[in-house]
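Please treat every number below as a calculation from the coordinates, not as lab data. In this text the structure is predicted, and so the values were computed from the model without any measurement. Cβ coordinates were reconstructed from backbone atoms using ideal geometry, including for glycine residues, and neighbour counts include every protein chain displayed.
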Amino acid sequence: ATTWTDSAGRAWTLGAGALVSDREYRFHGEVSSWPSRWDVSGSDVWVPIEAAGVTRRMGQGKKALDSTLRRRIPSDPKLIAYWPMEDGAEATAAYSPLTGIRPMAVSGMDFAADDSLGGSSALPKLRRDGASFRATVPRSTTPGWQVEGVYYLPELPATQTEILRVSVTGSTMATAVVYASTAGVRIEARDGDGTILNFFLYDSATALADFYGKWNRLAVYTAASGGTTYLYVSWRDIAANNRWIARTVFTGTQGSVVGVSGTYGAATADMV
């Protein structure tokens, strides 16, 4: 019909070039090539085609974007070292996008095994039969430091288990170590001989419940007041934003970070 009256009594007429249609288009596409094909007799001729949306043409020749975190973190002007750990499944080390930073040496990790962290490409999982990582950090002359990582720990280990180790120079503290178990989260300051200078065990049930079973932002850092240096560990649930902080103290300067590492066993299997 080209004219009609609706239920309210209004008369409608089609203008020039107008059309009434009940078609519902499922797809609009572009065909990039039209190759002819025919049988041996030449009697049967056809053209196999493949159509795609306009975004295919718009994206041709463009490299896929890095993850949100991979693009955002290097923009920090105070960043010294960074390893995204978003390497492909066949990777044998974790590269750094920062100039002059050597790759992180790893073992016992399945790269690109978990993609559940929003804003990140797929990350490695720790194997049950043991895993480790070790990386060198250029020494900074600025007092104070902070080391961060994002992790997912499926279960709390029954016994004290290493989560992260930070190597320090220029201080009475040579190593800062974070441990976790069902007894609590423990932060230790150790000297060059491995002797514990001081420690703190955070055993709050609520804080422990937030340490595992969810994506957390783990931070180990220092602060100084007078002749006392504070060593902190904090973990923040990145979804609910709950944050917990534990600290211990030692006498001496804050020093500078020169390495980060971790050694793991069956108790941290499938940690990401």
Region 151-272: Rg to Rh, with Rh as the Kirkwood radius over Cα pairs | 0.96
Pairwise centroid distance, computed over Cα atoms, of region 195-272 with region 95-143, Å = 18
Could you pull out which residues in region 225-249 have an amide N less than 14 Å from a spot 7 Å beyond the Cα of residue 214, following the Cα-Cβ vector?
-> 235-245
Estimated FRET transfer efficiency when R0 is 41 angstrom, pair residue 169-residue 55 (beta carbons, to 0.05) = 0.20
Would you work out the relative contact order for the chain, in percent, from Cα pairs under 8 angstrom that are 6 or more residues apart?
-> 17
Which is the longest stretch in the chain that no exposed loop site breaks, taking sites as GluC sites (Glu not before Pro) with a DSSP loop state and at most 11 other Cβ atoms within 10 Å?
-> 91-272
Take the alpha-carbon positions of the chain, form their convex hull, and give its projected area averaged over all directions (one quarter of the hull surface) in nm².
-> 29.2
Here region 147-153 yields Karplus 3J(HN,Hα) values (6.51, -1.76, 1.60; θ = phi - 60°; whole Hz; Gly and Pro given as x) of 10, 10, x, 10, 9, 10, 10
The local net charge around residue 182, scoring Lys/Arg +1 and Asp/Glu -1 for residues other than residue 182 whose Cβ lies under 11 Å from its Cβ, equals -2
For region 126-219, restrict the atom set to alpha-carbon positions and state the Rg and Dmax in Å.
-> 14.3, 39
Listed by chain and number, the lysines with an alpha carbon less than 23 angstrom from that of residue 125, same-chain partners under 8 positions apart left out, are 214
Expected sort for 106-112, 12-18 on mean C-beta neighbours within 10 Å, highest first, is 106-112, 12-18
For residue 110 and residue 20, calculate 0.36 nm times their separation in residues minus their Cα-Cα distance, and state this gained length in nm to one decimal.
-> 26.6 nm
Estimated 222 nm signal from helices in the chain, with DSSP H stretches of n ≥ 4 weighted -39500 (n - 2.57), rounded to 500 | -1000 deg cm²/dmol
Peptide ranges 215-222, 94-101 listed from the most packed, as the mean C-beta count within 10 angstrom indicates | 215-222, 94-101
Quick one: if the Förster radius is 30 Å, what FRET efficiency do residue 205 and residue 228 give, using the C-beta to C-beta distance and rounding to 0.05?
-> 0.55
Efficiency by 1/(1 + (r/R0)^6): what FRET value for residue 27 and residue 3, r their Cβ-Cβ distance, R0 = 22 Å, to the nearest 0.05?
-> 0.10
